[in-house]
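Single-structure report; data block below.
The values are calculated or read from the model by the stated rules, or taken from the named source; none is laboratory data. Treat the numbers as computed from the prediction; the structure is a model and nothing was measured. Backbone-built Cβ (ideal geometry, glycine too); neighbour counts: all protein chains shown.
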Amino acid sequence: MNAEQLVANHTFEEIQIGDSASIIRTITRDDLTLFALISGGTELHPLGEHGSDKAVGIWASALASAVVSTKLPGPGTIFISEAFRFHREVRVGDALTTTVVVREKKPANAAVIFECSCVDANGDKVLSGTFEVIAPREKISCQTGPLPGVWFRRHEKYDRLVERCRGLAAVVTAVVQPCDASSLHAAVDAANAGIIVPLLVGPAAKIRAVASQEKIDLSTFEIVHVPHSHAAAEKAVELVRLGKADLLMKGSLHTDEVLGAVVKRETGLRTQRRISHCFILDVPTYPKPLVITDAAVNIYPSLEDKVDIVRNAIDLAHAFGLDLPRIAILSAVETVTEKIRSTLDAAALCKMADRGQITGALLDGPLALDNAINKTAAEIKGIRSEVAGQADVLVVPDLEAGNMVYKNLSFLAEAEGAGIVLGARVPIILTSRADTVRSRLASCAVAALYAHAQRTSGALAAE
């Protein structure tokens, strides 16, 4: 049923013992995500691809209610009680047929008792039970449409980034100090998804203890033993220098420890570029991935620093499929004024792009945040630009501004953020304990795509 239609009810007098009605509904990932949210969960991971008895109850009993509300008896029905038994879990993609049959009528109060059953496409029983309603005494008809979908949008843009890694060789990744549950799960999840081949660099006994506690099988993974986190950072960098790893991934140590080893002049992974951080955001209300840079490494970048920040972001955008990314240089206003340094930097960056000093992207700025991501806001202010209202990358004035933009989108717009540091010989994956499984996989996927693109072009290594 795709369009609205007129639905008429069945009065108590019209209903007969043995009357029945059914609804067929396919379980989606969004259905299970909604269950996770209403039950107090924060993400889909605890349910995986499967439901649970409670998830089945939510959806199968809801379908039973839908049959009664829209078909038999239909509009005007009042629910009294229900009693269900759940027989098995369901999987995303299962088509459930939910049927109600009239078992008993009670003329004293116009009550009707229904038997309910829910089966999958193979006829295996998922739910059974009964519920009692008060059937309408008067004829009622109303417009009804399809069963409502889930109101939120899930983060399908991250799913597409991970999907881009399908068919690519998994990238050998030196995982630095994976000595807590979060970092070890992140590495193993990415390995199981075929994105990376992890080299677990750290104290072997600690890594194995965490794996034992978390019931993680490490039998197929190599552990490179070192005594502590500082040594782990140094060893991981060495593995990259020796060509034994193409990515770095931060584990349970401070970011400064990893980056300290990366930027050492003699033994690190420096290039002529300044390193910078990119958040790759999946914002449910924005139609494509949105990159924010730099909100984690460069505190108050100079114009020269911003040139490298922009170039790193352009290379990243190319790696995940954008041939000509739109780069918005942010400030508080969209006009150039000497009173706000970031507007001068924005104007200089755009002129450098005009003169071919920065290539591979469309740049515009200064742009305020609203003008960068909302076409209507840009049009109202008379801004005509190929970037305004449709930016792929937001280059923030400084770390403070970037951090606030990122956290506002995360907490007010339900965005998820993947993190990566660029500008070294290899990308550096930064994950945190607060990351969801989806964002961890997205961080690894973006870094893997970048590594493959870098290997193909060799551009950064040659600088």
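From the list D282, D217, pick out the single residue that is surrounded by fewer than 23 Cβ atoms within 10 Å (Cβ to Cβ) and at pLDDT below 95. Full working, then the answer.
Working: D282 fails: surrounded by fewer than 23 Cβ atoms within 10 Å (Cβ to Cβ).
Sole residue among the options that is surrounded by fewer than 23 Cβ atoms within 10 Å (Cβ to Cβ) and at pLDDT below 95: D217.
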**OP:** Look through the range 160-172, keep the residues that are within 22 Å of the chain's Cα centre (by Cα) and outside any loop (DSSP other than H, G, I, E, B), and return whichever of them is nearest to V188 (Cα to Cα).
**Re:** V171
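Could you list all residues from the range 372-422 that are of a type in the set (K, R) and either more than 24 Å from the chain's Cα centre (by Cα) or surrounded by 15 or more Cβ atoms within 10 Å (Cβ to Cβ) (or both)?
Our first condition is that a residue be of a type in the set (K, R); within the range 372-422, this holds for 375, 381, 384, 407.
Answer for the range 372-422, where residues must be of a type in the set (K, R) and either more than 24 Å from the chain's Cα centre (by Cα) or surrounded by 15 or more Cβ atoms within 10 Å (Cβ to Cβ) (or both): K375, K381, R384.
Just one of V240, V226 is more than 20 Å from A205 (Cβ to Cβ), assigned by TED's automatic domain parsing to the domain that holds P178, surrounded by 17 or more Cβ atoms within 10 Å (Cβ to Cβ) and more than 28 Å from the chain's Cα centre (by Cα); which is it?
Numbers: V226 fails: more than 20 Å from A205 (Cβ to Cβ).
It is V240.
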Original post:
Do we have any residue at all in the range 100-123 that's among the hydroxyl-bearing types (S, T, Y), buried (at least 18 other Cβ atoms within 10 Å of the Cβ) and either over 26 Å from T11 (Cβ atoms) or touching a residue at least 24 places away in the same chain (Cβ under 8 Å) (or both)?
Top reply: no
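From the list G129, G93, pick out the single residue that is buried (at least 18 other Cβ atoms within 10 Å of the Cβ), at positive phi, in contact (Cβ under 8 Å) with a residue 12 or more places away in the chain and in the same structural domain as S69 (by TED's automatic domain parsing).
Numbers: G93 fails: buried (at least 18 other Cβ atoms within 10 Å of the Cβ).
Among G129, G93, only G129 is buried (at least 18 other Cβ atoms within 10 Å of the Cβ), at positive phi, in contact (Cβ under 8 Å) with a residue 12 or more places away in the chain and in the same structural domain as S69 (by TED's automatic domain parsing).
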Original post:
Condition test on A348, is it aliphatic (A, V, I, L, M), at pLDDT 95 or above and either part of a helix (DSSP H, G or I) or within 16 Å of V396 (Cβ to Cβ) (or both)?
Top reply: yes
Subject >> Residues of the range 184-235 that turn out to be polar (S, T, N, Q) and touching a His at 6+ places or on another chain (Cβ under 9 Å), as a count >> reply: 1
